[in-house]
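Beneath this line is the structure, given in structure tokens, with notes to follow.
The values are calculated or read from the model by the stated rules, or taken from the named source; none is laboratory data. Keep in mind it's a predicted model, so treat the numbers as computed, not measured. We place every Cβ from the backbone using ideal geometry, glycine too, and count neighbours over all the protein chains shown.
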Amino acid sequence: MDRIIRVMVAKPGLDSHDRGAKVVARAYRDAGMEVVYTGLHQTSEQIAEAAVQEDVDVLAVSILSGAHSVLLPRIIGSLRERGGGGILVLAGGVIPEADVPALLEAGVARVFGPGSRLDTIVEFTRELAGGRI
Amino acid sequence: MDLVSRLLAGDPAALARAITLVERDRPAPRDLLAAIHPHTGRARVIGVTGPPGVGKSTLVDQLAISFRQPHALVGVLAVDPSSPFTGGAILGDRVRMARSSADPGIFIRSLATRGQLGGLSQATGDAIRLMDASGRSLILVETVGAGQAEVDIMNHAHTVLVVLAPGLGDDVQAIKAGILEIGHVFAVNKADRDGADRTAAELEMMLEMAPDCRAGGWRPPVVRTVARDGRGIPELVRKLDEHWDCRQSELDGWCRRQAAAELSETVEAMAGSRLREWAAKSGMWEEVLDAIVGRRLDPRRGAETLLSHYLDSRPGEDAGSPTGCWTGRRRNT
Amino acid sequence: MVEATGAGERQSAFITVSGRPLEGCYGPAIAREQEYDRELGDPGEYPYTRGIHPTMYRGRLWTMRQFAGFGTAEDSNARYRFLLEQGQTGLSVAFDFPTLLGYDSDHPRSEGEVGRLGVAIDTLADMEVLFEGIPLDRVSTSMTINAPAAILWAMYIAVAEKQGVPRDRITGTIQNDILKEYMAQKTFVFPPRPSLRLVVDTFAFGAEEAPRWNTISISGYHIREAGATAAQELAFTLASGREYVRAGIAAGLDVDEFAPRLSFFFNSHVDFLEEIAKFRAARRIWAREMRERFGAVNPRSWMLRFHTQTAGCSLTAQQPENNIVRTTLQALAAVLGGTQSLHTNSMDEALALPSEDAVRLALRTQQVIALESGVANTADPLGGSYCLETLTRQLEQEARDYFDRIDRLGGVVAAIELGFFQREIADSAYRHQRRVEAGELAVVGVNCHAGGPPPAINLLRVNPGTEKHQVERLQAVRCNRDERAVERALRDVRDAARGSDNLMYPLLEAVRAYATLGEMMGVLREEFGEYREEAIF
């Protein structure tokens, strides 16, 4: 039996748009994954701490506030500090193409822009998690 | 440092990984559990159950913060149901535990039931022991609360806190008797709502009338709380502490009963699965099934047949009585 | 009803984005059934289905009010003056997330967020810069602010008074619709009950001191953006409206004192026909509720006045020029639906805040509709359409069904606590996404007619020095103000919060003393508590 994949869906910073995060969380659940949702208004440290405690395979961060260039590297740094460097990070939301290379450089595995399909996100997550012991 | 050493030293990442391993691999990683077992038995465990929507998570958040004064390290296990159709789950209890999740001394882990009935997941017992071994001296376990089925918590928690709330569409009368019997302390949360006094009064009355089957003559108190504001929490903590003190007087007895219940459950599960595996591999399963469906064999005789063949198939072991008593879960009061 | 044959059609069913099936053709049965005077009325006549004014846009065009704000107050002030020069007739302020949630720009949580999705406002000093050179006796301003609305309004009033404009002359709106925050937009701070108290304080202050100001914009826009259907947007907005009226009356206000200054804010989404019907149904429902349920006697209490914004969630990052077309149709629907005020989205908004070029074009869109198309030259031109009147009736019935359900749950606040709205919205959002991915709902350029070169548009970039500049100014204000006056004022705010005096008055004092938004909200957070939602999927 395939092991069950655990994903965390996180909303960092003050961004209050949660429609996308909730739709993705539900898609993950419908695909048989366990989804830990952090709720709104989480600091990078809180997200990293939670991701480590939950020992998730993948951390999916949803940001529509434009603060991605600051928040994502901080989350990744916090994860590493807490021993969660093995957790793979995805980002989704309103992130312009021009900002993507820097995010990938900082350690984000993939960035999903507006209009991304749920099945694409789910399948990529499954592949990513599968590569993790 | 290897995983076990780091876990025993209190490293949260190691604890988290260990819980994943026991959750994922059934039967659980034996070496890991064997290594940590001598370091368990110290933690105090409080189970929190009740119907959905009463505010369990918010209450657990408040309790975890309160217990941080006497306990340097606290653990929280929050169990949510897996979808029976997809096998997935949304684990959203953390959202309500804002203060706890900001406290580095509180470790919160969400678990999905993964098909297990009874309000807990199969890995809960192991997860509690892992937390215990990693130095969490107070562990709160929040179960899926849907009524009478939530008795598993009794086998894991020294104290069971049952949480109710007024106006959820169910009168207290409608609440199944089972939930009243398993609770050591009762909380009526959202006590600022209309009907709270009535709910508390009805509850007190029903507890009076329930048979006194609790050890040590303990009379379950009813506390009114408004978890969101923190009201009633100090009193609730006091009552929980009183129950713990009461427990202390017969802790050894409780521990033995708890271990027996768990051993019984584990043994049944292991034996059952080995038997089924052998029966499937040997083809006996299908044979017996055919006979039952063909009306040549009744189910009970069929089971005995499987069992005696299985025992015969194992050379060098005492065949013993093929009619073992596989009784159901034992309840640890 | 004329039956469609079904044969020879492109699809087996034709279903709107909200899940409503459209008939093959609508026939005159509706015209025979409807009593014109009871159900429609002329424009300007109860129940206002055809519009709230007899002349509608022949008398005065809708206000062209583009939502704008980013960076520092200087940056936004420049954009406002640009828009006014380009022919915009009212201002609409967007605040950044720290401001929306009541944090100062130097609060740890504000890092990375200052000035990004709106303008950063920390003190009266910022507000003064924001409206520099803009005469507040001649320009009406709408402010999209909810939990801290009372404070931002106090700042606006203080700026106006410094310009010599008395508070009874200012015109504009504060969004101030806290109920929809719990349902959809999620920029709540305090729990529902103290938040409602604050809203009622603004109603009372407005009635007494600023009678030309709309003290609330009861909003469906965000509910729709969160994924709701047209019927849900309509029903949940008007349900909130009824709750605010109930709260005002319960606080001892006379309904006709504050109801004329309640305003609304709707979304204009992709389904042209359904949206027009929705706006008309809204007017009819509200008029009936106000007169029959709440007993209002002033006709101005019966009239539903609304602002519309075209649907942000319908915009695509792929082939962004298509967004111009979408916005045009959505704007037209709002005009045919009788809106009083309109914001048209810019084509680049799926990716960033609008650039100057893009927002100019969005404004021109409104101007072409207003001045060239002719639809503004007669009131309610589509009234009597068989299709439209049928859809209007359907939407009204669906909204009333929702009212019944909400009432059975114990009202709007109880329903919020039970997660009712959140669940309905989450289900609709999920269903919508699945339909789009299955190809059942067309999104041109995304799931059909896709491809083509990547968009070559210049996106707006918020100046990276914004946060630093803003923090420096904030610190300067703190240094130069009278600390004792601030402390006194904050104490008065705290006392009022604990009691039942109208909070607007002590907040005005605090604002004038240059207390910061974070300080004032901090006091209220301590007194009222903070709300933490349960996540509903």
>> So, in region C:49-76, exactly how many residues are in contact with a Phe, Trp or Tyr (Cβ under 7 Å, 6 or more places away or on another chain) and more than 14 Å from every other protein chain (Cβ to nearest Cβ)?
In response: 2
> Quick one: which of B:D152, B:D132 is buried (at least 24 other Cβ atoms within 10 Å of the Cβ), under 26 Å from A:R3 (Cβ atoms) and in contact with a helix residue (DSSP H, G or I) (Cβ under 9 Å, 6 or more places away or on another chain)?
Replying inline: B:D152
> Take the residues of region A:38-54 that are in a loop (DSSP other than H, G, I, E, B) and within 7 Å of chain B (Cβ to nearest Cβ): which is nearest to A:A109 (Cα to Cα)?
Replying inline: A:T38
> Within region C:105-115, is even one residue surrounded by 24 or more Cβ atoms within 10 Å (Cβ to Cβ), within 12 Å of chain A (Cβ to nearest Cβ) and within 29 Å of C:W286 (Cβ to Cβ)?
Replying inline: no
>> Of everything in region A:65-90, what is surrounded by fewer than 21 Cβ atoms within 10 Å (Cβ to Cβ) and under 19 Å from C:G118 (Cβ atoms)? Give them in sequence order.
In response: A:S69, A:V70
>> For A:G20, only one of the following conditions fails: (1) at the interface with chain B (Cβ under 10 Å from one of its Cβ atoms); (2) touching a Gly at 6+ places or on another chain (Cβ under 7 Å); (3) at negative phi. What is its number?
In response: (1)
>> With the requirement that a residue be touching a residue at least 60 places away in the same chain (Cβ under 8 Å), outside any helix (DSSP H, G or I) and surrounded by fewer than 18 Cβ atoms within 10 Å (Cβ to Cβ), what does region B:29-50 give you?
In response: B:T40, B:G41, B:R42
>> Between a residue in region A:55-74 that is over 11 Å from A:L103 (Cβ atoms) and more than 9 Å from chain C (Cβ to nearest Cβ) and any residue that is charged (D, E, K, R) and surrounded by 24 or more Cβ atoms within 10 Å (Cβ to Cβ), which pairs come within a Cβ distance under 6 Å, given they are 6 or more apart or on different chains?
In response: A:V56/A:R6; A:D57/A:R6; A:S62/A:K11
>> Looking only at region A:2-17, filter to residues that are at the interface with chain C (Cβ under 10 Å from one of its Cβ atoms) and part of a loop (DSSP other than H, G, I, E, B); which one of those is surrounded by the fewest Cβ atoms within 10 Å (Cβ to Cβ)?
In response: A:S16
>> I want to confirm something. Restricting to region C:446-475 and keeping residues that are assigned to a helix (DSSP H, G or I) and touching a residue at least 60 places away in the same chain (Cβ under 8 Å), which single residue is nearest to the other protein chains (Cβ to nearest Cβ)?
In response: C:E467
> Among (1) within 7 Å of another protein chain (Cβ to nearest Cβ); (2) aliphatic (A, V, I, L, M); (3) outside any strand (DSSP E or B), where does A:V35 come up short?
Replying inline: (3)
>> Out of the helices (runs of 4 or more DSSP H) lying entirely within region C:80-186, which hold 3 or more residues that are out of contact with any Gly (no Cβ under 9 Å at 6 or more places or on another chain) and at pLDDT 95 or above?
In response: C:124-130, C:149-162
> For B:D31, are the conditions met, namely being of a type in the set (D, E), closer than 27 Å to A:I4 by Cβ and away from chain A (no Cβ under 14 Å)?
Replying inline: yes
> Within region C:287-302, can one find any residue that is basic (K, R) and either within 14 Å of chain A (Cβ to nearest Cβ) or touching a strand residue (DSSP E or B) at 6+ places or on another chain (Cβ under 9 Å) (or both)?
Replying inline: no
>> Which numbered condition in (1) buried (at least 24 other Cβ atoms within 10 Å of the Cβ); (2) touching a Gly at 6+ places or on another chain (Cβ under 8 Å); (3) of a type in the set (V, I, T) is the only one that C:T55 fails?
In response: (1)
>> Residues that are part of a strand (DSSP E or B), in contact with a strand residue (DSSP E or B) (Cβ under 8 Å, 6 or more places away or on another chain) and touching a residue at least 24 places away in the same chain (Cβ under 8 Å): does region B:117-135 have at least one?
In response: no
> Out of B:D11, B:D61, B:D2, which single residue is of a type in the set (D, E, K, R) and free of Cβ contacts under 8 Å to residues at least 12 places away in the same chain?
Replying inline: B:D2
>> Filter region C:376-414 down to the residues that are free of Cβ contacts under 8 Å to residues at least 24 places away in the same chain and of a type in the set (A, V, I, L, M, F, W, C) and list them by number.
In response: C:L409, C:A414
